[in-house]
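A quick write-up on the structure given underneath.
What follows is calculated from the coordinates using simple rules that are stated; it is not laboratory data. Note that the structure is predicted; figures quoted are calculated from it, not measured. We place every Cβ from the backbone using ideal geometry, glycine too, and count neighbours over all the protein chains shown.
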Amino acid sequence: MSQPLDDAALDQLFRTARTYNGYLDTPVGNEQLFAIWDLMKMGPTSANMLPARMVWCTSAEAKEKLAQFCLPANAEKVRQAPVTVIIGMDIDYHENLPWLFPHTDAKAWFDGNLPLREVSAMRNSSLQGAYFILAARALGLDTGPMSGFNNEAVDKAFFADTPAVKSNFISTLGYGDPSTIFERSPRPDFEVFNRIA
């Protein structure tokens, strides 16, 4: 039986972790990107579909290419961050199910049902995006997930060769600069948004 994480770990993952608007001038290496993926890929998705398709923008050219499709404030965040990640989703993820979920013919569940594939891809790539945030935090990095960009333009610029892949959201990545965050917004008690049935 697993034991609860200690308070320091819970703080790092949740309680004191923040969404950053800017980063320290400290590089993030490719090995750290691989390490994030190796953690986040272990998180559960429906039928192990793993629909997320990630583009890790590390060069100034890639970040500028992405920034032009963002709202002005977000564009500056993209340009300044060591890395910005596009979390995309493959609507045709079901083509990989024969090897990702070999226990049964899961591909048949999604063949010919585009609406089901679209909602499943959105739901499960969003889950993987959350795993990305937690994996980065677990490895001592910080993130700044955001919308506020032109999805269609990003898809044309970054996923033209894979038209079944659509962007979900983007996130900056690096070592957060504490001077760029606001006071934490409210986090309500259990009773406000929950009920036990």
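Any chance you could run the full-extension gain for LEU24 through LEU100? It's 0.36 nm times the residue separation minus the Cα-Cα distance, nm to one decimal.
Here the segment from LEU24 to LEU100 would lengthen by 23.5 nm.
What does the extension gain come out to for ALA35 and SER2, with contour length at 0.36 nm per residue minus their alpha carbon separation?
Extra length from ALA35 to SER2 when fully extended: 9.6 nm.
Taking the simple approach of a point 7 Å from Cα along Cα-to-Cβ for both GLU61 and ARG123, what is their distance in nm?
4.0 nm
Roughly how big is the chain's charge dipole about its Cα centre, with Cβ charges of +1 (Lys, Arg) and -1 (Asp, Glu), in debye to the nearest 20?
240 debye
What is the set of long-range amide H partners of VAL165 at a cut-off below 5 Å, with H atoms built 1.01 Å from backbone N?
ILE91
Place the peptides 78-84, 29-35, 61-67 in order of packing, highest mean first, counting for every residue the other Cβ atoms within 10 Å and averaging per peptide.
78-84, 61-67, 29-35
Student exercise: in the chain, how many lysine pairs 8 or more apart or on different chains have Cα atoms under 15 Å apart?
Lysine pairs meeting both conditions in the chain amount to 4.
With the dipole of the chain worked out from charges on the C-beta (+1 for Lys and Arg, -1 for Asp and Glu) around the Cα centre, which of VAL28, PRO178, ASN74 lies farthest toward the positive end?
ASN74
In whole Hz and in residue order, list the ³J(HN,Hα) couplings for the stretch 78-83 that follow from phi through the Karplus curve 6.51 cos²θ - 1.76 cosθ + 1.60, θ = phi - 60°; x for Gly and Pro.
Per residue, the Karplus-derived 3J(HN,Hα) values read 5, 5, 7, 6, x, 9 Hz.
7 Å from Cα along Cα→Cβ at both ALA153 and GLN68: what's the point-to-point distance in nm?
0.9 nm
Identify which of the listed values of volume of the Cα convex hull per residue in Å³ was calculated from the structure shown: (1) 176; (2) 122; (3) 114.
Structure-derived value, by its label: (1).
Explain nothing, just compute: Karplus ³J(HN,Hα) = 6.51 cos²θ - 1.76 cosθ + 1.60, θ = phi - 60°, for every residue of the stretch 138-145 in order, whole Hz, x for Gly and Pro.
Those phi angles translate into 4, 8, x, 9, 10, 9, x, x Hz.
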